[in-house]
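A.B. asks: Handing you this structure, nothing more for now.
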Amino acid sequence: MGQYGIGQPVRRKEDVRLLTGKGRYTDDIHFDGQLWAAFFRSPHAHAKINAIHSQAALSVPGVRHVFTGDDLRQGGMKPIVADINFTDRAGNKMFKPLRHILPSDRACYVGEPLVMVLGDSPEAARAGAEVIDIDFETLPNVTSTAKAASPHAYVIHPEHGSNVAVHWENSASDEVDALIAAAPHKVKIHLVNNRLIVAPMEPRCAVATYDETQDLITLYSPTQGVRPAQVSFAGLLGIDKKKLRVISLDVGGGFGIRSKRYPETAAVAWAAKQIKRPVKWRGDRSETFVSDHHGRDQVNDAIMGLDQNGRVIALRVETIVNVGAYSGDNGPRLPIDGGGRIIPCGYDIEKFYFSVKPVYTNTVPTDTYRGAGRPEANFIMERLMDAAAQECGLTRDEIRRRNLIPLSKMPYRTQMNFVYDSGDFIGTMDKTLELADWNGFAVRRKESEKRGKLRGIGLASFVEQAGGRPTEEMRVKIDANGRATVFAGTFSHGQGHETVYAQMVNDYLGIDFDEIDFVQGDTDTTPPGGVGTFGSRSSMMGGVAIRRSCGQIIVKGKKIAAHLLQADPDTVIYENGLFRVGVSSITIQEVARAASDPAKLPEGLKPGLDESNLFEREPDMNNFPNGCHICEVEVDPDLGTIQIVKYTALDDCGVVLNPLIVHGQVYGGVAQGIGQALTEDAVYDEESGQLLTGSFMDYGMPRAHHLSMIEAHFTDDQPCKTNDLGVKGAGEAGACGAPPAFVSAVCDALSPYGIQHIDMPLTPERVWSAIAQAKAHQAA
Amino acid sequence: MNITLTVNGQTLTRDVAPYLLLADFLRDELRLTGTHVGCDTTQCGCCIIHLNEKAVKSCTMLAVQADGAQLTTIEGLARADGTLHPVQEAFRDHHGLQCGFCTPGMVMMGADIVRRLPGADEETIRHQLEGNICRCTGYQGIVEAIMDASSQAKAS
Amino acid sequence: MQAFTYHRPTDLSDVVKILADCEDPKLLAGGMTLLPTLKQRLAAPSDLIDLARIQNLHGICEDKSEIVIGAMTCHADVAASALVRAFCPALADLAGQIGDPAVRHRGTIGGSVANADPAADYPAAVLGLNAIIETNQRRIKADDFFTGLFETALEPGEIITALRFPRPHKAQYQKFRHPASGYAVVGVMVAQFAGATRLAITGAGPNAFRPAALEEALTRSFTAKALEGLQLDPDELLSDMHASAAYRAHVALVLAQRAVGLIA
């Protein structure tokens, strides 16, 4: 294994291009004759639409077309129907309101796009959108998650009679309730998992062109996988997917919100074909705040019963998740499938009751965001464990030691019928305690005290599930000159696949790192079975498919080599780019050259060294990244401000393909987790339904000074047992570990005041108020 | 209105509308798309370039304000022979970028920090990045890269 | 943004003329507030008058016991000025905390003071350090300048040309920074002059103000302890989703005590 092989901290191939301004993002491309799109968006949280007047817009200089949703529907546009079907225990199906693209009858959230204006310039289109005149009749609205679930709440989709889409339960609750009632120790918590704006740094953009001779729409837009996007948007447009080419160029971050069926993107694709001209829409940042899916937004009530020794007997979790005005493809799925499958995470708890009520509100729809249900689930468990430690008089690490699934029980079949193949949760926690110098904390606390600061240390153990969809296709081709190309079904949008896959091909086929090219993000060249990148899946799904493609190349290569060496194929040995029979050998480059010449090939063998592998993982071949994060903070008790002073992470990502890149994934995930816990909150005004945090002026994105250096370590003794590479996902672990580790640390800092919990984000005022209240309480 | 300015060493004259933003001028008129627009409230820093050797947010300047100025964009930071600026090289070494969208602004700000504050420590650099938002990296690789380049600048 | 006519005069008298002639003109200084406003389509002036080329509006100089900062001097230059640092380090520190480094390369003291954003930093300096606002028509005392939310004593056609600061014995600025916008949720400038202490608070109210009770206490005894038990009236302070009036009142006291504690 050379310096460019698997496991090496190879510098990224992507970097020089991106560092010198040669990246190509969707907004960087222009087409001659393109029209610019702008959208009139609902200023109301909830309103009937009585009439849409476009005349004024059409009179604005430079405006060429105004399209309403009726125009789109007449032109074949279909409504979005969420691809989710949950039922309650009585068999009643989940209610899914139809989501029309540019609805003509009713606006259901502030920012909902209602009319599309096309103009010669972005300024003209915008000016036109500004004078669209709609006769609205405002209706009551509800945005609060908890309130929407109440039986007295205003119902936003009257045809259903309730905002609750379905009451999903994993089982009856009697047994669990009885166990908890009888338990010697009980802890009860109420959590708000705050709504977040995902805000990848590239604002969404869509460009579409139409080729009349081929009846082909080409859509450029950031996705996280072009093939599913092709299927989705073709479905909405009512056309055969072969008539839609989807291209994603460089994409500026995804985090789970890219590949969705967004109305603007669909409308742009539709318009290009309608007017037979290229159409471009570039979203403003503030626009994306009310059009890209939001993340999280749950309310959780949980009760846990424990025995005399602090062993959990039973667990009850009730979750309300705010779906938004319409269900996206994932909203309700996140706590049910995402979180619900993983709960109770790394803990050895057999008896649990899990209830989820997805509710509709007049807000932007929520959907997958880094972790997609697993950070929320881990947050519930970790806050419960901290509360249980307090209740049972145990330390926070001891309560976990007693309840985490021990190594001896691996592989462990969960109640949801998943198998944790590997993972030493207790060992990982113990190692992290050591790495973080947990035992030396008291000394550091005293030192902070001298400077007037309250220091706290927090601990979080987490398990999450990686993998996403169960199939992926990759293709590896070696041309006649021995140069390799990887055609990826996955889609890198910052994860460094161009580098990591090249490391793999270098390792498996001995081809020079610099002789390996990378192609992704175009339905014309992406393998037909390609899916994409989300759910921390690419190392396993893409990685295994590449390994197997390379394996197929070796098999074919051996046949060609045998033919060239006039030997029996079974006697050919392959190693590090050489095919060897006895003392004779042929390089893979020579085999590749021969492969292009039918005369040099054995009979019946097709020319070319070009292999695809469609990997379909078995139902039990999931992988479960896990780890332990320890966070230390200093709180200024007078102001309530919090500074992170130390952060230690030990992650079990199985085999680490490129330490530089995997470290980066941990840092990025932790930063997003800290953002949720410290500075971020998407807030709606309860009366008007307006999104109060409408831009970066009000929405607190974490900056460099909010974070400290993160000491990230990786286990090296827990390879994944269910895939060829031994990899586990790495992308979402940080988002699972950071929020609970941080909150645990702050509560530890505030333990002199007896503060057990503060809801995220832990703004200075919230911390200060908690202290003030606690002081008043103590004085009383 | 006619403006004459030097961009990455090349002097040029263009006729621009007064309300054209400098970032849009660079991206749409000059087709230098390396400078990015990531927000509309002057916070994210993706649009940072050097104007008369100072880091500025090109999304919050009019092209006409740059008349007579000397501009360097990310495309012009490396040397003509391709040698990367020390900050660019440091970003490579320390994995200071993932998706690359905030990167041009980060690098231009980083180069500005290194010029003004050779030998800057970690805390200083973190605060100097107040006007740059990254969603991918958690800033760790970025801070390490700028610290590295800054200490190199002090040594030389 | 919407179209406007752009002017780039080199003489202040031309600015006055253009201002008088135009329908709805706006002065462009650094542009760090005006341009975002235009981008958000919150304003659509008919004319923009760029002050960048006006003579004598840039620069920092010492004039007897005062320091004079030209209205078009950018925040970075004030923060980095050896002259300002020697004269009043708190003023340099304050300038160095405005926005971010790139914004500081463009934003100007004149622009900030004329705009009088309730959450801007400079008003605390102007008021706390008892500055004189020099315009093309007159000199205005700091105490007379900030009159309301985004309101100042400037008359139509009146342009700030310089800010003139007297030298305090000591001064200190403490800022509680908004985690999202970087503006001052509360900013406190305390300055000790012969015979009197001035304390100016920005961010907490509709405009920068001097709480008399706190000043009197500090004038009697320039110690953090002197402020103990004193309070600002939350009813006079701003409240929004980022900080309640009660919290701002509390923070103001804490910052005032810390500021004094650092220089007492």
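A.B. asks: For segment B:2-76, calculate the relative contact order in percent as a whole number, restricting contacts to Cα pairs under 8 Å that are 6 or more residues apart.
C.D. replies: On the way: 142 pairs, mean separation 31.0, N = 75.
Once divided by the residue count of segment B:2-76, the mean separation gives 41 percent.
A.B. asks: Oh, and also: Got a sec to turn the phi values of segment A:644-651 into Karplus ³J(HN,Hα) couplings, 6.51 cos²θ - 1.76 cosθ + 1.60 with θ = phi - 60°, whole Hz, x for Gly and Pro?
C.D. replies: Each residue of segment A:644-651 in turn: 7, 10, 7, 9, 10, 10, 10, 10 Hz.
A.B. asks: Here is a follow-up. Where Rh denotes the Kirkwood radius from the mean inverse Cα pair distance, what is Rg over Rh for segment B:2-76? It would help to have the intermediate numbers written out before the result.
C.D. replies: Details: Rg = 11.0 Å, Rh = 12.0 Å.
With Rh from the inverse mean 1/r over Cα pairs, Rg/Rh is 0.92.
A.B. asks: Within the set of other residues whose C-beta is less than 11 Å from the C-beta of A:Arg204, count the net charge using Lys and Arg as +1 and Asp and Glu as -1. Display every interim value, and only then the final one.
C.D. replies: Numbers: positive: A:Arg258, A:Lys260, A:Arg282, A:Arg285; negative: A:Asp27, A:Glu202, A:Glu264, A:Asp284, A:Glu287, A:Asp292.
Charge balance in the 11 Å sphere: -2.
A.B. asks: Same structure, new question: Please report, in whole Å, how far the alpha carbons of segment A:5-86 spread along each principal axis, starting with the longest.
C.D. replies: In descending order, the Cα extents are 63, 48, 27 Å.
A.B. asks: Related question: Below 14 angstrom from the Cβ of B:Thr13, what's the summed charge of the other residues (Lys, Arg +1; Asp, Glu -1)? List each step's numbers first, then the result.
C.D. replies: Details: positive: B:Arg14; negative: B:Asp15, B:Glu29, B:Asp67.
Surrounding charge for B:Thr13 is -2.
A.B. asks: Using the per-residue mean of other Cβ atoms lying within 10 Å as a proxy for protection, in what order, highest first, do the peptides B:80-86, C:64-70 fall? Let's see the in-between values first.
C.D. replies: Numbers: B:80-86: 12.7, C:64-70: 17.3.
Descending mean neighbour count gives C:64-70, B:80-86.
A.B. asks: What is the sum of charges around A:Ala595, taking Lys and Arg as +1, Asp and Glu as -1, for the other residues whose C-beta is under 14 Å from the C-beta of A:Ala595? Don't jump to the answer; show the numbers that get you there.
C.D. replies: Numbers: positive: A:Lys477, A:Arg483, A:Lys556, A:Lys558, A:Lys559, A:Arg593, A:Lys600, A:Lys606; negative: A:Asp479, A:Glu590, A:Asp597, A:Asp610, A:Glu611.
Residues close to A:Ala595 contribute a combined charge of +3.
A.B. asks: I would also like to ask the following. Need the list of aspartates and glutamates near A:Lys78 for cross-linking: C-alpha distance under 18 angstrom, and skip anything on the same chain fewer than eight residues off.
C.D. replies: Correct list for A:Lys78: A:Asp70, A:Asp105, A:Glu112, A:Asp240, A:Glu264, A:Asp329.
A.B. asks: With 29 Å as the limit, write out which pairs from A:Lys646/B:Lys54; A:Lys280/A:Lys477; C:Lys141/C:Lys175 have Cα-Cα distances beyond it, or answer none. Mind showing how you got there, number by number?
C.D. replies: Values: A:Lys646/B:Lys54 34 Å; A:Lys280/A:Lys477 34 Å; C:Lys141/C:Lys175 24 Å.
With Cα atoms farther than 29 Å apart: A:Lys646/B:Lys54; A:Lys280/A:Lys477.
A.B. asks: Hey, what do the phi angles of segment B:70-81 turn into as Karplus ³J(HN,Hα) couplings, whole Hz, using 6.51/-1.76/1.60 and θ = phi - 60°, x for Gly and Pro?
C.D. replies: 10, 10, 10, 9, 4, 5, x, 7, 6, 6, 4, 7
A.B. asks: If segment B:64-156 were replaced by its equivalent ellipsoid, with semi-axes equal to the square roots of 5 times the Cα gyration tensor eigenvalues, what would those be, largest first, whole Å? Please report the intermediate quantities before stating the final value.
C.D. replies: Numbers: eigenvalues 80, 50, 42 Å².
Whole-Å semi-axes of the equivalent ellipsoid: 20, 16, 15.
A.B. asks: A further question on this structure: Determine the calculated [θ] at 222 nm for the protein assembly as shown from helices alone, applying -39500 (n - 2.57) to every DSSP H run no shorter than 4 residues and normalising by the residue count; nearest 500 deg cm²/dmol.
C.D. replies: So the helix-based figure for the protein assembly as shown works out to -8500 deg cm²/dmol.
A.B. asks: Can I ask one more? In segment A:307-322, which residues have a backbone nitrogen under 15 Å from the label point lying 7 Å from A:Asp348's Cα in the Cα-to-Cβ direction?
C.D. replies: Within reach of a label on A:Asp348, which here means backbone N under 15 Å from a point 7 Å along Cα→Cβ, segment A:307-322 contributes A:307, A:309-314.
A.B. asks: Ok, one more. Once you compute Rg and the Kirkwood Rh from C-alpha atoms, what is the Rg to Rh ratio for segment A:394-448?
C.D. replies: Values: Rg = 15.0 Å, Rh = 13.0 Å.
In segment A:394-448, Rg relative to Rh is 1.15.
A.B. asks: In Å and from the alpha-carbon atoms only, list the Rg and Dmax of segment A:229-293.
C.D. replies: My reading of the Cα-based Rg and Dmax gives 12.4, 34 Å.
A.B. asks: Report, in whole Å, the centroid distance computed from the Cα atoms of segment A:28-45 and segment B:1-46.
C.D. replies: 21 Å
A.B. asks: Sort out for me the Cα centre separation of segment C:56-101 from segment A:102-130, rounded to whole Å.
C.D. replies: Cα centroid of segment C:56-101 versus Cα centroid of segment A:102-130: 46 Å apart.
A.B. asks: A follow-up question, please. Hey, if you drop one equal point scatterer on each alpha-carbon of segment A:76-151 and run the Debye formula without solvent, what base-10 log of I(q)/I(0) do you get at q = 0.19, 0.25 Å⁻¹?
C.D. replies: The Cα Debye sum returns log10 ratios of -1.06, -1.27.
A.B. asks: Just tell me which lysines come within less than 19 Å, Cα to Cα, of A:Lys147; anything on the same chain fewer than 8 places away is out.
C.D. replies: A:Lys357
A.B. asks: I would also like to ask the following. Would you list the P(r) distribution for segment B:20-121, with all Cα-Cα distances sorted into 5 Å bins from 0 and each bin expressed as a whole %?
C.D. replies: 2, 13, 23, 26, 19, 11, 4, 1
A.B. asks: Still on this structure, please answer the following. Would you mind pulling out the separation of the Cα centroids of segment A:200-215 and segment A:717-780, in Å?
C.D. replies: Taking the Cα centre of each part, segment A:200-215 and segment A:717-780 sit 42 Å apart.
A.B. asks: Roughly how big is the protein assembly as shown's charge dipole about its Cα centre, with Cβ charges of +1 (Lys, Arg) and -1 (Asp, Glu), in debye to the nearest 20? Don't skip to the end; give the middle numbers.
C.D. replies: Numbers: 117 positive and 143 negative charges, 152 e Å.
Here the protein assembly as shown has a charge dipole of around 740 debye.
A.B. asks: When the expected Rg is taken as 2.2 N^0.38 Å, what fraction or multiple of it is the alpha-carbon Rg of segment C:37-113?
C.D. replies: Working: Rg = 14.2 Å, N = 77, 2.2 N^0.38 = 11.5 Å.
Here the answer is 1.24, to two decimals.
A.B. asks: Over the alpha carbons of segment C:173-219, what is the largest minus smallest coordinate on each principal axis, giving the biggest first in Å?
C.D. replies: Cα spread of segment C:173-219 along its principal axes, largest to smallest: 39, 18, 13 Å.
A.B. asks: Tell me the relative contact order for chain C as a rounded percent, counting alpha carbon contacts under 8 Å between residues six or more apart. Could the numbers behind the result be given before it?
C.D. replies: On the way: 576 pairs, mean separation 38.9, N = 264.
Across chain C, relative contact order equals 15 percent.
A.B. asks: Listed highest first by mean packing, meaning other Cβ atoms within 10 Å per residue, what order do A:41-49, A:381-389, A:89-97 come in? Let's see the in-between values first.
C.D. replies: Working: A:41-49: 21.0, A:381-389: 25.1, A:89-97: 13.9.
Per-residue Cβ counts within 10 Å, averaged per peptide and sorted highest first, yield A:381-389, A:41-49, A:89-97.
A.B. asks: Quick one: what are the phi-derived ³J(HN,Hα) couplings along segment B:139-145, Karplus 6.51/-1.76/1.60 with θ = phi - 60°, whole Hz, x for glycine and proline?
C.D. replies: 6, 4, x, 5, 5, 4, 5
A.B. asks: Apply the membrane-span-like helix rule to chain C: whole DSSP H runs, Cα extent along the own long axis of at least 24 Å, mean Kyte-Doolittle hydropathy at least 0.5. List the helices found. Working shown, then result.
C.D. replies: Details: long enough: C:245-263 (27 Å, 1.15).
Going by DSSP H runs, the hits are C:245-263.
A.B. asks: Something else about it: Compare the Cα positions of B:Cys44, B:Cys59, B:Tyr19 along the charge dipole of segment B:2-76 (+1 at Cβ of Lys, Arg; -1 at Cβ of Asp, Glu; about the Cα centre) and return the one farthest towards the positive end.
C.D. replies: Of B:Cys44, B:Cys59, B:Tyr19, it is B:Cys44.
A.B. asks: Treating only the Cβ atoms of Lys and Arg (+1) and Asp and Glu (-1) as charged, compute the dipole magnitude of segment B:86-155 about its Cα centre; round to the nearest 20 debye. Working shown, then result.
C.D. replies: Details: 6 positive and 9 negative charges, 37 e Å.
My answer is approximately 180 debye.
A.B. asks: Still on this structure, I have one more. Please work out the FRET efficiency for the pair A:Lys775 and C:Ala213, using the Cβ-Cβ distance as r and a Förster radius of 25 Å; give the result to the nearest 0.05. Numbers along the way, then the final one.
C.D. replies: Values: r = 24 Å, r/R0 = 0.97.
That gives a FRET efficiency of 0.55.
A.B. asks: Distances longer than 27 Å among the Cα atoms of chain C: what percent of all pairs is that? Don't skip to the end; give the middle numbers.
C.D. replies: Numbers: 12381 of 34716 pairs.
Result for the distance tail: 36 percent.
A.B. asks: From other protein chains only, count the Cβ atoms within 10 Å of every residue's Cβ in A:242-251, then give the mean.
C.D. replies: Working: counts 0, 0, 0, 0, 0, 0, 0, 0, 3, 3.
The mean count of partner-chain Cβ atoms within 10 Å per residue comes to 1.
A.B. asks: Taking the square root of 5 times each eigenvalue of the Cα gyration tensor, what semi-axes in Å does the equivalent ellipsoid of segment A:177-248 have, largest first? Before the final figure, lay out each step's value.
C.D. replies: Working: eigenvalues 477, 59, 13 Å².
They are 49, 17, 8 Å, listed largest first.
A.B. asks: Out of every Cα pair in the protein assembly as shown, what percent are spaced more than 56 Å from each other? Don't skip to the end; give the middle numbers.
C.D. replies: Values: 130501 of 719400 pairs.
Above the 56 Å cut-off, the protein assembly as shown has 18 percent of its Cα pairs.
A.B. asks: Continuing with this model, one more query. Normalising by the residue count of chain A, find the relative contact order in percent from Cα pairs under 8 Å and 6+ residues apart. Could the numbers behind the result be given before it?
C.D. replies: Working: 1934 pairs, mean separation 115.7, N = 780.
Computed over chain A, the figure is 15 percent.
A.B. asks: With Kirkwood's inverse mean 1/r over C-alpha pairs for Rh, give me the Rg to Rh ratio of segment A:706-780, two decimals please.
C.D. replies: Details: Rg = 18.6 Å, Rh = 15.5 Å.
Reported Rg/Rh, Kirkwood definition of Rh: 1.20.
A.B. asks: Then there is this: Of the peptides A:593-601, A:257-265, how do they stack up when ordered by the mean number of other Cβ atoms within 10 Å, highest first? Intermediate results must be reported in sequence, preceding the final value.
C.D. replies: Values: A:593-601: 15.8, A:257-265: 25.2.
Order by mean packing, descending: A:257-265, A:593-601.
A.B. asks: If you take all C-alpha pairs in segment C:188-264, what percent of them are over 17 Å apart?
C.D. replies: Working: 1098 of 2926 pairs.
Here the long-distance tail beyond 17 Å is 38 percent of all Cα pairs in segment C:188-264.
A.B. asks: Only four residue types carry charge here, +1 at the Cβ of Lys and Arg and -1 at the Cβ of Asp and Glu. Report the dipole size of segment B:2-76 about the Cα centre in Debye, rounded to the nearest 20.
C.D. replies: Numbers: 5 positive and 8 negative charges, 25 e Å.
Around 120 debye, computed over segment B:2-76.
Here, each number is a calculation from the coordinates, and none is a lab measurement. All figures in this text were calculated on a predicted structure; none of them were measured in a lab. Every residue, glycine among them, receives a Cβ derived from its backbone with ideal geometry; neighbour counts consider all protein chains shown.
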